1. If we restrict to alpha carbons, what Rg and Dmax does the chain come to, in Å?
2. If you take the beta carbon distance between residue 193 and residue 61 as r and set R0 to 41 Å, what does 1/(1 + (r/R0)^6) give as a FRET efficiency, to the nearest 0.05?
3. For segment 43-166, compute Rh as the Kirkwood radius over C-alpha pairs and then the Stokes-Einstein diffusion coefficient at 4 °C and 1.567 mPa s; write the answer in µm²/s, rounded to an integer.
4. Which translational diffusion coefficient, to the nearest whole µm²/s, is obtained for segment 132-210 from the Stokes-Einstein equation, given a Kirkwood hydrodynamic radius over C-alpha pairs, 10 °C and 1.306 mPa s?
5. Based on alpha-carbon centroids, what's the gap between segment 59-113 and segment 162-187 in Å, whole number please?
6. Counting only residues 5 or more places away or on other chains, whose amide H sits under 5 Å from the amide H of residue 128 once H atoms are built in the peptide plane?
7. List, in order, the whole-Hz ³J(HN,Hα) value for each residue of segment 151-156 obtained from phi through the Karplus relation with A = 6.51, B = -1.76, C = 1.60 and θ = phi - 60°; use x for Gly and Pro.
Amino acid sequence: MEQGYRSVRKRTAVEIERKRSRFIGIAAPVPDAIGAEAEIARAREEYPGASHYCYAYRAGLDALVVRMSDAGEPQGTAGRPMLEVLERNELVNVCVVVVRYFGGTLLGAAGLVRAYSAAASEAVAEAGIVSFAAHVLLRVHFDYADWSRAERALRSSGTLVTGVEYGENVAVEVAAPKERTADFEDLVTQLTAGRSAVHRIGERFLPTAPES
């Protein structure tokens, strides 16, 4: 995952019904396993009195943590099909919780698998899948004469301008895709005839255009 990963864009909840049982599927982006556990706790608070709080998550970029729970449903009928939704979509740093309010009619093992899989799938689709790419955070100080010419070129170069401060000169912070960092450094050199140096100040995964 050094170069990037796929996750969901936002936290969302959907609801489906099967034989009067309500299944509320929640999909949320999380930073790590601690964030996933917090999402599970949040679901319990938001939907009190449910019969089951089943979940699955894959979280952590350096060391992937994978967990699932049937939460009292027959073994393999809830957590596993929910986890398969995440695996099939190759999602990381995502937690899915499905809250069930029992409607009084048994669904059987096959019916439960279909219901939990559907709730998880619909929640993920509603949340929107997005690719996250590794970006290098950079800082450059421009003379005002150079900045008036460089601003348009930087904003059209595929880098994300994240901050501009005006003082004795113009301090600009950008996030450049990792594989294009050298191109950005070359661009700054060309725009300023070597008068501005590029300083690397960190790295971050940032979303690209949503896939769905």
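Where a number appears in this text, it was derived from the coordinates with a stated rule and is not lab data. Treat the numbers as computed from the prediction; the structure is a model and nothing was measured. Quick reminder, even Gly has a Cβ in these numbers, built from the backbone with ideal geometry, and neighbours come from all protein chains shown.
1. Gyration radius and largest Cα-Cα distance of the chain: 22.8, 75 Å.
2. It comes out at approximately 0.55.
3. Translational D for this selection: 72 µm²/s.
4. Taking Rh from Cα pairs, D becomes 126 µm²/s.
5. When both Cα centres are located, 42 Å separates them.
6. 9
7. 4, 5, 5, 5, 5, 9
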